[in-house]
Every structure is written in structure tokens, then in C-alpha cells.
Amino acid sequence: MADKTAEELAQDYTAMGHSVSLITDVIAGDAMDGETDADKKACVSRNVEHLELMKAMKKEDGTTSIWTDESFTAIDSAVSAGKTYVG
């Protein structure tokens, strides 16, 4: 993978925030109203996977994280809650 620009990293981090919001909203019952539990769990699972993959991204050297000083507190919390929700 090519190293990302600061703008690309900012876009990726914003997208991660959208996943955090969706996971949180589904678990709270504020999103996907009328969907089956299986659909909700599949959505949460996909978004948890997205967060884990994005957080684990490395620079071209294969060892250095692409992330610098971003906070992952909300992301880690959403991943944990999502995994609990999915079971």
C-alpha cells in the first residue's frame, strides 16, 4: 500500500467516525429500525471489521502505523461494544 497523504488520513479517520456512530446507534436502537436482528448484527460486524482493518493499517514499510496522534478511544470502545453485541 502506498503511504497516505494527510488529507487521505483525515478522510479515513472521518469514515471511521461514521462507523463508530453507526455501531453505537444500532446498539442503542436508534438506527436500522424495522430491520431484523440478523441484519443489524451483520451491519455492526461489517463496521467493526472496517474499524479493525483501518486501525491496523501500516505504511509501505509494513511495520509503521499510518496513524500519528489520532485518538482511538471511541473506536476501541465501538469495536468492543460491537463484538459484544454481535456475540
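The values are calculated or read from the model by the stated rules, or taken from the named source; none is laboratory data. Predicted model, so just to flag it, every value in this text is computed and none were measured. No Cβ is skipped: glycine too gets one built from the backbone with ideal geometry, and neighbour counts run over all protein chains shown. Just so you know, the surface numbers come from the protein's heavy atoms only, side chains and all, with ligands and any DNA or RNA stripped out. Shrake-Rupley method; radii C 1.70, N 1.55, O 1.52, S 1.80 Å.
Data for the structure
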read-out	value
Residue within segment 55-71 that is open to solvent by 80 Å² or more (accessible area, probe 1.4 Å) and assigned to a helix (DSSP H, G or I) present	no
Positions within segment 16-41 being open to solvent by less than 40 Å² (accessible area, probe 1.4 Å), farther than 13 Å from Ala81 by Cα and in a helix (DSSP H, G or I), in sequence order	Met16, Gly17, Lys40
Unique match (being in a helix (DSSP H, G or I) and loosely packed, with under 13 Cβ neighbours inside 10 Å) among Ala78, Ala10	Ala10
Among (1) closer than 17 Å to Glu8 by Cα; (2) free of Cβ contacts under 8 Å to residues at least 40 places away in the same chain; (3) hydrophobic (A, V, I, L, M, F, W, C) - the single one Ala38 does not satisfy	(1)
